[in-house]
Amino acid sequence: MSMMFEDREAYQIAVSKAAEDLGSIDPGAAAAERGVEYDADRGLFRVVFLGQSMTVSFPSGEVHVPGGKRQSGAVVVVALHYLTYRGEPLRSEGWLAYREMPGGRVFSSAFEQMSEVKLASRFGADPDEFAAAARSLGGEPAGSGEFSFVIPALPRLPLNVILWPECEGVEGAARVLFPPRAPYYLHTEDLAALGIVAAERLIAMSAKAGENA
């Protein structure tokens, strides 16, 4: 099933609407609620996204990383929506699968293929490398298995990423889990994008470590 974050035209529409919404918020109040910094003199939010500090200009909504490189695609949509979206948290406890997010079953198969299957394929035979990649993104042991880490994806929105290594001919598996409060901060489709970007970032961090070895 096609997802919005695979459609460039849909992304452009989403970015334009998110930037419009950003211009209507109280930046100081939003910064305090979302756990980010706001520089009123420069009109800039500072958002830490999967270990990387980004700036979001107010009210235009342009997103840059250190060095001035302008961002595009999923990262921009998620960053802008994180500052503007307000949904309803779930009345649940513990960590939840993506399919348990509101309407998540519609996208769950695609989400699993684009995040969890990729993680298992990359790290199933090398869980120590997964652990190193998770720690490089600020991950802390989650206590739900030897290879489970709570990663601060956004200031008030962590992810619990779990890997079950390959064992005696059994393929490895992975899960990306969300806290019950996640739907308050991001729409379900944005949560899918967040989980997929997190998986991609973990894989990229492992590749970078290999290059530097």
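The values are calculated or read from the model by the stated rules, or taken from the named source; none is laboratory data. Just so we're clear, the structure is a prediction, and the values are computed from it rather than from any experiment. Glycine also receives a Cβ, built like all others from the backbone with ideal geometry; neighbour counts cover every protein chain displayed.
Brief remarks follow.
- Among the conditions (1) part of a loop (DSSP other than H, G, I, E, B); (2) at pLDDT 95 or above, residue 144 misses just one, which is (2).
- Selection of first residues in segment 116-141 that are at pLDDT 95 or above and of second residues that are of a type in the set (Gly, Ala, Ser) and not in a helix (DSSP H, G or I), restricted to Cβ pairs under 6 Å at least 6 apart or on distinct chains, gives the following pairs, ordered by first then second residue: 116/174; 119/174; 120/172; 120/173; 120/174; 124/172; 137/51; 138/51.
- The number of residues in segment 40-49 that are surrounded by fewer than 21 Cβ atoms within 10 Å (Cβ to Cβ) and either outside the structural domain of residue 22 (by TED's automatic domain parsing) or more than 15 Å from the chain's Cα centre (by Cα) (or both) comes to 6.
- For residue 129, the stated conditions do not hold, so it cannot be described as in contact with a strand residue (DSSP E or B) (Cβ under 6 Å, 6 or more places away or on another chain) and not β-branched (Val, Ile, Thr).
- Check on residue 174, farther than 20 Å from residue 36 by Cβ, free of Cβ contacts under 8 Å to residues at least 60 places away in the same chain, assigned to a strand (DSSP E or B) and touching a strand residue (DSSP E or B) at 6+ places or on another chain (Cβ under 6 Å): yes
- Check on residue 168, modelled with pLDDT under 95, on the phi > 0 side of the Ramachandran plot and out of contact with any Gly (no Cβ under 9 Å at 6 or more places or on another chain): yes
- Residue-level check: of (1) over 19 Å from the mean Cα position of the chain (by Cα); (2) at positive phi; (3) touching a residue at least 24 places away in the same chain (Cβ under 8 Å), residue 68 misses just (3).
- Helices (runs of 4 or more DSSP H) lying entirely in segment 50-131 (those with 3 or more residues that are outside the structural domain of residue 197 (by TED's automatic domain parsing) and surrounded by 13 or more Cβ atoms within 10 Å (Cβ to Cβ)): 74-84
- When residue 138 is tested against (1) in a helix (DSSP H, G or I); (2) surrounded by fewer than 16 Cβ atoms within 10 Å (Cβ to Cβ); (3) in contact with a Pro (Cβ under 6 Å, 6 or more places away or on another chain), just one condition goes unmet, and that condition is (1).
- Positions within segment 185-204 being farther than 12 Å from residue 119 by Cβ and not small (Gly, Ala, Ser), in sequence order: 185, 186, 187, 188, 189, 190, 191, 194, 197
- Qualifying positions in segment 143-159 - touching a residue at least 24 places away in the same chain (Cβ under 8 Å) and under 18 Å from the mean Cα position of the chain (by Cα): 151, 152, 153, 154, 155, 156, 157, 159
- Number of positions in segment 27-39 that are closer than 10 Å to residue 58 by Cα and either loosely packed, with under 14 Cβ neighbours inside 10 Å or in contact (Cβ under 8 Å) with a residue 60 or more places away in the chain (or both): 1
- In summary, residue 91 fulfils each of the numbered conditions (1) in contact with a helix residue (DSSP H, G or I) (Cβ under 9 Å, 6 or more places away or on another chain); (2) farther than 25 Å from residue 163 by Cα; (3) not hydrophobic (A, V, I, L, M, F, W, C) with the single exception of condition (1).
- Subset of segment 89-103 [within 18 Å of residue 159 (Cα to Cα) and out of contact with any strand residue (DSSP E or B) (no Cβ under 9 Å at 6 or more places or on another chain)]: 89, 91, 92, 93, 99, 102
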